[in-house]
Each structure stands twice: as structure tokens, then as C-alpha cells.
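Okay, structure first, notes after.
Read-outs: derived from the displayed coordinates by stated rules, not from any lab. Worth saying up front: this structure is predicted, and the values here are computed from it rather than measured. Methodologically, a virtual Cβ is constructed for each residue, glycine included, from the backbone with ideal geometry; neighbour enumeration extends over all protein chains shown.
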Amino acid sequence: MITYSDNSAFWLFNRVAHFKYLFYNRVIGDIQKVQKELETSYQEQVKATDAKALSMIENSKEETIAFLTDFSSQAGQNTFRRWKELDNFLLVKYLDSNIKQEENGRFIDNGHGYPAKPKQAGYPDSWKKRIVNN
């Protein structure tokens, strides 16, 4: 926990969580989109995998175990890869408290290789009111 590793799921998941803690109202939609994508995909895959494993187990318990282990390992690697893409996406999209415009997960450029004019998150009305009242 005191040595960062770029290929550690622990650090990757905590980086995304840290982003969420800092900028919840900005990033939660992006995070939930990827979370739902993964969950939906795995729900479908698990049904098919379970059915295949049940048909395999009578012939070879060892092959079934290897099949299920391989499925689980690939799912873990896919989750890590997809979460790393999300981490990179969040960093680029919300860099310097700007919000780069995107459509379907791709950043919109201005036609000259730079991002389209970013949006500014601004401050909530409650914060503005506190400033005025103090």
C-alpha cells in the first residue's frame, strides 16, 4: 500500500474511486456507464459459461475447472483493461477542472487537432451564496 504499481488492480480501482470522491457530480455518469457495460456483459457471459460448464463436468472435472478458471482470468483482465481506459478517459476529460466535450466516448476536436472549447464546471449556488454572505 505504499508502493504504487501501474499494473495493480488495487491502485487502478483506487485511482478511479479517488477521482469519484473529488468530483462525484462530474464523473459519476462516466463511471456508471462503464460499470453497467461490464456488468451487463458479464451477466450474459456467465449464463453461457455456466451452461457450458454444466455440460462439460460429466466428461472431465479437470477440463471444467480449467475452463472456468480461464473465463474468470479473462474477465479479470478485461475488467482491468476497461477500467484503465476509463481512468485515462477521466484524466483527459476533466484535466485542470475543464470538461472536454465528447460524444460516444470520443473527444470532439476543433478541426485543428485540439479539443473543442471545454466546458467549465462552475460552482454550485450554495457555494456562491456562502461567498456573498461572508
**Q.** Counted charge near residue 77, where neighbours are those whose Cβ lies closer than 12 Å (Asp, Glu -1; Lys, Arg +1)
**A.** +2
Q. Taking the Cα centre of the range 7-134 as the origin, how large is its charge dipole in debye, to the nearest 20, when only Lys and Arg (+1) and Asp and Glu (-1) carry charge on their Cβ atoms?
A. 880 debye
Q. Is the range 1-70 best put as rounded, prolate or oblate by its Cα gyration tensor, with a ≥ b ≥ c the root eigenvalues, rounded for a/c under 1.5, and otherwise prolate when a/b is larger than b/c, oblate when not?
A. oblate
Q. How many nm separate the modelled label positions at residue 57 and residue 108, each set 7 Å beyond the Cα in the direction of the Cβ?
A. 5.2 nm
Q | Charge sum, other residues only, whose C-beta stays under 14 Å from residue 53's C-beta, Lys/Arg counted +1 and Asp/Glu -1 | A | -2
Q.
Cross-link candidates for residue 36: which lysines have Cα within less than 27 Å, leaving aside residues fewer than 8 places away along the same chain?
A. 20, 47, 52, 84, 93, 100, 119
